[in-house]
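Participant: First the structure, then my questions, so here it is.
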Amino acid sequence: MNSVQRALINTICLEPFATAPRLAYADWLSASGKPEEASAVRTVPEPVDFPAVFRLRQAWTIGEAGLGWGAESQAEVLMRGGLVEFFAGPCSEFMSRATPLFARHPVIGVILTDKWPCPDAAKTGLSGFWKTGDLPRRNGPDDIPTSLWNLLRADRVFPGHGDWKFWTTSGGARRALSDACVDWARSLAGFPSLPAP
């Protein structure tokens, strides 16, 4: 990757929803003899629509495709024009790959495949994530690392004996976790948080 391409991609990463940086990069790709990549880059993503993202996962590529992650990777990515826009994979793999991934790609959504909100509670009708604590875990996948937990914006919080954060829907909980992952990784890569949808 030469310095011009690096600068163009850096501008897209800084503002993934802006049109001008993508058009500038697409023009550069066209001039470099890569018209198919240029065409894909010209499409500006919409803010994250999780139902659509889950439907699109059938078309995702394995993380090794062009990223050099190796066959042991359990991650999948959704790419357009050679740029990663969504990541799906285990929390540990996301945490270890976040800095280089977000420094080079305009990632706007994350699905942690081993972190799911607990089922809606019968008494409250809420869906939530668990941090840590003294009580036995109801299930492991809802245990969230502290660095992500601190960024989770919840509808309700129940502290004590480990903490719970709740949302009115499981979709809202997944969206909040994605936002926390994106905020955390963008800060590691030196970018500001994405604007609220």
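A short reminder: the numbers here are calculations on the coordinates, not readings from a lab. Computed from a predicted structure; not experimentally measured. All Cβ positions, glycine included, derive from the backbone under ideal geometry; neighbour counts span all protein chains shown.
Participant: If you stretched the chain out fully between S32 and T169, how much longer would it get, using 0.36 nm times the residue separation minus the C-alpha to C-alpha distance? Can you show the working numbers first?
Facilitator: Values: separation 137, 0.36 × 137 = 49.32 nm, distance 4.63 nm.
Roughly 44.7 nm would be gained on extension.
Participant: Starting from the amide H of D163, placed 1.01 Å from N in the peptide plane, find each other amide H under 5 Å away whose residue is 5 or more places distant or on another chain.
Facilitator: Amide H neighbours of D163: K131, T132.
Participant: Once amide H atoms are built 1.01 Å from N in the peptide plane, which residues 5 or more positions from R80, or in another chain, come under 5 Å H to H?
Facilitator: E85
Participant: Still on this structure, I have one more. Which value in nm describes the separation of the simple spin-label points at A71 and V157, placed 7 Å from the Cα toward the beta carbon?
Facilitator: 4.6 nm
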